[in-house]
Amino acid sequence: MMTLPVALPGRDYDIHIARGLMGQAGEYCRALLPKAERLAVVSDSNVAPLYAKPLLESLRAAGLEATLLTVPAGEQSKSLSMLGTLYDFFMEMGLTRSDGVVALGGGVVGDLTGFAAATILRGVDFIQIPTTLLAQVDSSVGGKVAIDLPAGKNLAGAFWQPRLVLMDPNVLGTLDDATFADGMAEVIKYGCIKDADFFARLEQRPSRREIMADIESVLYTCCDRKRQVVERDERDTGERMLLNFGHTLGHAYELAGGYTRWTHGQAVAAGMVKAAQLGTRMGITPAGTAERIAVLLCCFGLPCAIDCTMAQYAAAIGLDKKGEGGEISLIVLELLGRAVVCKLPKAELLGLLEETV
């Protein structure tokens, strides 16, 4: 068992990492919520057939009334209509503020369920059991929860920290290679922005097999890097913005693909390479950095470039939550392993992008 405490005043929680942890979830949840009578478990149509039964059995063995809601797999479930479905489900099962909500799935399930937990009854306890690599290293930690609006991704959300995160690396064995690679984009991101030695470690393990042989350490390192940032900047007003390396441009690529052609990890991968290229053009990022990132991304089958029109860049940048009026905060690398926030006018960023399209 590897345990990583996240120390936020009044909102502290533990991240537990261990193989076989899924079958022990009941005892952890019972110890965390001694007054709870029931837990609402939300999963999706891909994950529930694989892992809902052992989780529900574990929770019920611990004396908890656990009820499952399965939502359709995919980004389309992060919607206002699905949020309403969760609210109705919680009320029908008699959820109270002494009870809790469990998210069993990837980033979509975690975001949707967390936002529902943050807003039902003015907030109920929330437990994350992430089942994808991307969710384990990124979205399940840090308390950002959200749904999508017709205008864009994650535009309605909240900061709502989980009370507990349980990570079982065994569940990664059921991921297809493309979904595993999605998570590797975020893993590689941590090396880019915070840990050059970790990036070098990843370069020495350029395959899924080699990463899985060291997976507990990889998960711990990524979560530890995010923990450090979140503890210093929970509300994303300063240092936490560094975690968005590749994301501003990645949102443009997701938009370009109609949120269906490119996954989040694929879009972030291309966004990181483009951000490194822009950083070099701006005289901030050393030459050759983008190429080194691209080589590692390609080892996992991730795209290093995605076609995007200037109109799509402009639309994504205009909606980006990191924008302030006419400015945008672009995350660039001073060195591999050290990121900085670079504020510049949106028009200037669009000009730089036009030079590289």
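Remark: pairs (first residue in region 283-304, of a type outside the set (D, E, K, R); second residue assigned to a loop (DSSP other than H, G, I, E, B); Cβ separation under 6 Å; 6+ apart in sequence or on different chains) = Thr289/Leu336; Ala294/Cys304; Leu297/Cys304; Cys299/Pro206.
Evaluating Gly107 against the criteria (1) in contact with a strand residue (DSSP E or B) (Cβ under 7 Å, 6 or more places away or on another chain); (2) within 17 Å of Pro162 (Cβ to Cβ) leaves one unmet condition, (1).
Residue by residue, here is whether (1) within 23 Å of Asp236 (Cβ to Cβ); (2) of a type in the set (Gly, Ala, Ser) holds:
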site: Ala103; (1), (2): yes, yes
site: Ala117; (1), (2): yes, yes
site: Arg122; (1), (2): yes, no
site: Phe126; (1), (2): yes, no
site: Asn154; (1), (2): yes, no
site: Gly157; (1), (2): yes, yes
site: Thr179; (1), (2): no, no
site: Leu202; (1), (2): no, no
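Condition check: assigned to a loop (DSSP other than H, G, I, E, B) and modelled with pLDDT of 95 or more. Does Gly279 satisfy that? The answer is no for Gly279. Residues that are free of Cβ contacts under 8 Å to residues at least 24 places away in the same chain and of a type in the set (A, V, I, L, M, F, W, C) within region 208-227 comprise just one, Ala213.
Of the candidates Asp177, Asp182, Asp197, Asp214, the single residue that is buried (at least 16 other Cβ atoms within 10 Å of the Cβ) and not aliphatic (A, V, I, L, M) is Asp182. State yes or no: is Leu55 touching a residue at least 60 places away in the same chain (Cβ under 8 Å) and more than 19 Å from the chain's Cα centre (by Cα)? Taking the combined requirement at face value, the residue satisfies it. Just to verify a result, which residue in region 128-146, among those that are more than 22 Å from Ile215 (Cα to Cα) and in contact with a Gly (Cβ under 6 Å, 6 or more places away or on another chain), is surrounded by the fewest Cβ atoms within 10 Å (Cβ to Cβ)? Filtering first and then ranking leaves Ala146.
Every listed requirement among (1) in a loop (DSSP other than H, G, I, E, B); (2) touching a residue at least 40 places away in the same chain (Cβ under 8 Å) is met by Arg205 save one, (2).
Any residue at all in region 272-280 that's farther than 28 Å from Pro5 by Cα, crowded, with 18+ Cβ neighbours inside 10 Å, in contact (Cβ under 8 Å) with a residue 60 or more places away in the chain and among the polar types (S, T, N, Q)? There is at least one residue in region 272-280 that is farther than 28 Å from Pro5 by Cα, crowded, with 18+ Cβ neighbours inside 10 Å, in contact (Cβ under 8 Å) with a residue 60 or more places away in the chain and among the polar types (S, T, N, Q).
Looking only at region 58-87, residues that are outside any helix (DSSP H, G or I), surrounded by fewer than 18 Cβ atoms within 10 Å (Cβ to Cβ) and either outside the structural domain of Gly107 (by TED's automatic domain parsing) or touching a residue at least 60 places away in the same chain (Cβ under 8 Å) (or both) come to 1 in all.
Scanning region 327-352 for residues that are crowded, with 19+ Cβ neighbours inside 10 Å and over 25 Å from the mean Cα position of the chain (by Cα) returns Lys346, Leu349.
The values are calculated or read from the model by the stated rules, or taken from the named source; none is laboratory data. The shown structure was predicted, so the numbers you read here are calculated from the model rather than taken from an experiment. Neighbour counts are summed over all protein chains in view; Cβ atoms, including those assigned to glycine, are modelled from backbone coordinates with ideal geometry.
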